[in-house]
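The values are calculated or read from the model by the stated rules, or taken from the named source; none is laboratory data. Just so we're clear, the structure is a prediction, and the values are computed from it rather than from any experiment. FYI the Cβ positions are ideal-geometry reconstructions off the backbone, even for glycines, and counts take in every protein chain you see. Areas reflect the complete protein model, heavy atoms only, side chains present, ligands, DNA and RNA absent. Shrake-Rupley method; radii C 1.70, N 1.55, O 1.52, S 1.80 Å.
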Amino acid sequence: MTRRISYAIALAALAAISAPVLAQQAQPPLQQVDFPELAIGETAVVRIKVPASTATSGAIQIYAVDLVDHPGLGLQVLDIDCGEPGFTGVHWDDDSYVGCVQVKGAPHQAFTMLVAVRNQSAAAGKVTVPDALVSLEGQRTTKTALLLQSLGD
């Protein structure tokens, strides 16, 4: 009988400890709103919804469009508008990465990033960039695909 009670107490304690940890890891991904159709040379603005965050002070927050690992797809990210106070836009010189960064990591409401994307040379058809939409809050990272339609020449 004592073992059953001890086992039940241990399970209850484990559930109480792990529930907040699991809740923290269940961060919703960034959500692409626009799915533009671009001919080669055309540029479009893509809206990306960023979910609200309850991040604690000190956690770095980065919400980004990352094409670094996909140079052969023929896409560029040209600019970003964070649209949220406290976030700073960053842009790599090679047009492969843009992001909104908040170093202090304060909680924030949901907001929408505006990202300028250019079809430099993507072949005609659906273009899927796996893991291009990146959300990093402290130690938690989520990634989802960026989707576009290339009209070719």
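Here are the numbers:
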item: Phi-based couplings in Hz for the range 39-46 (Karplus 6.51, -1.76, 1.60; Gly and Pro marked x); result: 7, 4, x, 8, 10, 9, 9, 10
item: Burial ranking of peptide ranges 123-133, 61-71 (average Cβ count within 10 Å, highest at the top); result: 61-71, 123-133
item: Alpha-carbon Debye profile of the range 33-73, log10 I(q)/I(0) at 0.27, 0.33, 0.34 Å⁻¹; result: -1.13, -1.20, -1.20
item: Nitroxide proxy distance, nm - points 7 Å out along Cα→Cβ at residue 54 and residue 120; result: 4.1 nm
item: Mean shadow area of the range 28-153, taken as a quarter of the surface of its Cα convex hull (nm²); result: 6.8 nm²
item: Share of carbon and sulfur in the accessible heavy-atom surface of the range 49-108 [1.4 Å probe, %]; result: 55 percent
item: Mean accessible surface per residue for the range 52-113, computed with a 1.4 Å probe while every protein chain stays in place, in Å²; result: 51 Å²
